[in-house]
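First comes the structure, then the notes that go with it.
The values are calculated or read from the model by the stated rules, or taken from the named source; none is laboratory data. On a predicted model such as this, the values are computed, not experimentally measured, just so you know. FYI the Cβ positions are ideal-geometry reconstructions off the backbone, even for glycines, and counts take in every protein chain you see. Each accessible area value is taken on the protein alone, full model and side chains, heavy atoms only, with ligands, DNA and RNA left out. Shrake-Rupley method; radii C 1.70, N 1.55, O 1.52, S 1.80 Å.
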Amino acid sequence: MTLDIDYVRSQFPAFEQAELEGQSFFENAGGSYTAKPVIDRLFRYYTQRKVQPYGPYEASRLAGEEMDEARARLAAWMGLDTDEVSFGPSTTQNTYVLAQAFRQWLSPGNAIIVTNQDHEANTGPWRRLEQDGIEVREWKTNPETGHLDPDDLNNLLDDDVRLVCFPHCSNVIGEINPVVEITALAHAAGAFVCVDGVSYAPHGIPNVGALGADIYLFSAYKTYGPHQGIMAIRKNLGNLLPNQGHFFNAGSLYKRFTPAGPDHAQIAASAGMIDYFEDLAAQHGITGSASEKGQGVHDLMRNHETALLQPLLDYLGSKNSVRVLGPMQAVNRAPTVALVTQSDPAALAQQLAAHGIMTSSGSFYADRALQSQDVSPDPGVLRLSFVHYTAQSDIDKLLNALDGLL
């Protein structure tokens, strides 16, 4: 099935703005454009529902219902129970709260496993548990390829390990890790898993229930929604960990790990993400349950991205002046491509901007991942990242601009 790119782009108001005309957006790994249904819901909430929710009067009742709708529909799309999905101000914040819960639950001598492929948000908070006597073991990438080998993980697992933290996909290396296989290894050793899905979910929100992950984290603002962190935590683990919220919320799973007051409007607007995905499914004749439509939309988006990505990888692979981090086969990676360049990556980003290519450079909070590949975080890499609303014309423009610079 071919993605209807004209329909897709019609659902994003950014493509209609005069200020962005002639610009091709290649910094989607830092945050994507927002879908129209999300903007519509946010506007409606701020103009019609901006009151304390869950009260007896109509505006308040509707405000609460819209918040509940967002949680329920996201959970169904992800193959989870409604109360297994919660919201926080960011994925980084959600991870720090989870780490505090594990800090209270774990005992000295217990061990956790982290990687050096992660964004700092899914490695730094966990590493700090070492201050409390928790052993931290590092699952290291291959220094040449950036690959995380499950066999290396197996060598780190034993009866002391309680948690394994790893990314579904690195935000600089790009390789898609085999979550089902890794989770099975961890569970067989008696450990839980925490998967950072921030760099993967924009390319198709996964069925977390089918993946088997105990915790799955991603960011709505990178997945065509508002600036919220979305956290899935399965009941068996969530009810085991100490409550981090108000004592009177301890009985509610989706409130146990959100100690701060939620952003009501942004939670309600998150239902617009599913509105958009549902519309995308209908436009392409994808039917079935929520999770079945989710898988269909996931595959539709991934197929489009893969077709655009492989020519870019082939082109970059032919250039001696750049080094591409991660796999050179599009089917094995997300369309997030970090380049080690001979010239200053910040200067290249500036030059690309003059050609209507919006991108950036730096370490992207992945200092450890870059260092594992013998790349200095300063100046870092030039990163080119796109999603399913990227058109062939954007890729052509990028290749022409790169050809003049490389």
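Assuming R0 = 56 Å, what is the FRET efficiency of THR2 and ASN154, from their Cβ-Cβ distance, to the nearest 0.05?
With R0 = 56 Å, the Cβ-Cβ based efficiency is 0.90.
What whole number of Å gives the distance from the Cα centroid of the stretch 303-339 to the Cα centroid of the stretch 147-204?
Using only Cα atoms, the two centres lie 23 Å from each other.
Amide H to amide H, which residues 5 or more places from PHE192 or on other chains are under 5 Å from it, using H placed in the peptide plane?
So PHE192 has HN proximity to LEU163, VAL164.
Averaging sequence separations of C-alpha pairs under 8 Å and six or more residues apart, then dividing by the length of the chain, give the relative contact order as a whole percent.
The normalised contact order for the chain reaches 23 percent.
Put +1 on the Cβ of each Lys and Arg and -1 on the Cβ of each Asp and Glu in the chain; which of VAL164, ALA220, SER86 then has its Cα farthest toward the positive end of the dipole?
SER86
Would you please give the residues with an amide H less than 5 Å from that of GLN228, counting only those at least 5 places away or on a separate chain, with H modeled from the backbone geometry?
ALA220, TYR221
Any idea what the dipole of the stretch 42-274 comes to, in debye rounded to 20, about its Cα centre with Lys/Arg Cβ at +1 and Asp/Glu Cβ at -1?
The dipole of the stretch 42-274 has a size of about 1000 debye.
Going 7 Å from the Cα of GLU16 along its beta-carbon direction, which residues of the stretch 24-50 have the amide nitrogen within less than 11 Å of the resulting point?
Output list for this probe position: 36-37.
Please give the per residue accessible area of the stretch 307-384, computed with a probe of 1.4 Å over protein heavy atoms only, in Å².
About 42 Å² of surface per residue is accessible.
Considering the options LEU253, ALA281, GLY197, tell which one lies farthest towards the positive end of the dipole of the stretch 176-331, charges being +1 on Lys and Arg and -1 on Asp and Glu at the Cβ, about the Cα centre.
LEU253
Along the Cα→Cβ direction, 7 angstrom out, place labels at ASP81 and ALA347. What is the inter-label distance in nm?
5.8
Enumerate the amide H contacts of THR115 below 5 Å, restricted to partners 5 or more residues apart or on another chain; note that Pro and chain-start residues carry no placed amide H.
TRP139
If each of HIS187 and ASN320 carries a label point 7 Å out from its Cα toward its Cβ, how far apart are those two points in nm?
Here the modelled spin labels are 5.0 nm apart.
Mean residue ellipticity at 222 nm from the helices of the chain, using -39,500 (n - 2.57) per DSSP H segment of n ≥ 4 over the full residue count, to the nearest 500 deg cm²/dmol?
-11500 deg cm²/dmol
Among 348-357, 289-298, what's the highest-first ranking by average C-beta atoms within 10 angstrom per residue?
The packing order, highest mean first, is 289-298, 348-357.
Give me the extension gain from VAL331 to ASP40: residue separation times 0.36 nm, minus the current Cα-Cα distance, reported in nm with one decimal.
101.3 nm
Roll a 1.4 angstrom probe over the protein heavy atoms and tell me the percent of accessible area of the stretch 305-383 that is carbon or sulfur.
Answer for the stretch 305-383 is 48 percent, counting heavy atoms of protein chains only.
Arrange the peptides 194-204, 44-54, 306-316, 274-284 so that the one whose residues have, on average, the most other Cβ atoms within 10 Å appears first.
The peptides rank, most packed first, as 194-204, 274-284, 306-316, 44-54.
With the other protein chains left in place, how much accessible area per residue, in square angstrom, belongs to the stretch 42-274 at a 1.4 angstrom probe?
Counting only protein heavy atoms, the per-residue value for the stretch 42-274 is 36 Å².
For a protection proxy built on the mean count of beta-carbon atoms within 10 angstrom, sort 67-75, 179-187 highest first, please.
Ranked from most to least packed, the peptides come out as 67-75, 179-187.
Farthest toward the dipole's positive end in the chain, which of ILE112, SER60, VAL331, given Cβ charges of +1 (Lys, Arg) and -1 (Asp, Glu) about the Cα centre?
After comparing all options, I get SER60.
Which net charge results for the neighbourhood of ARG49, defined as the other residues with beta-carbon distances under 14 angstrom from its beta-carbon, given Lys and Arg at +1 and Asp and Glu at -1?
Computed value for this residue: -3.
For the stretch 1-151, which whole-number percentage of the solvent-accessible area (1.4 Å probe, protein heavy atoms only) is attributable to carbon and sulfur atoms?
49
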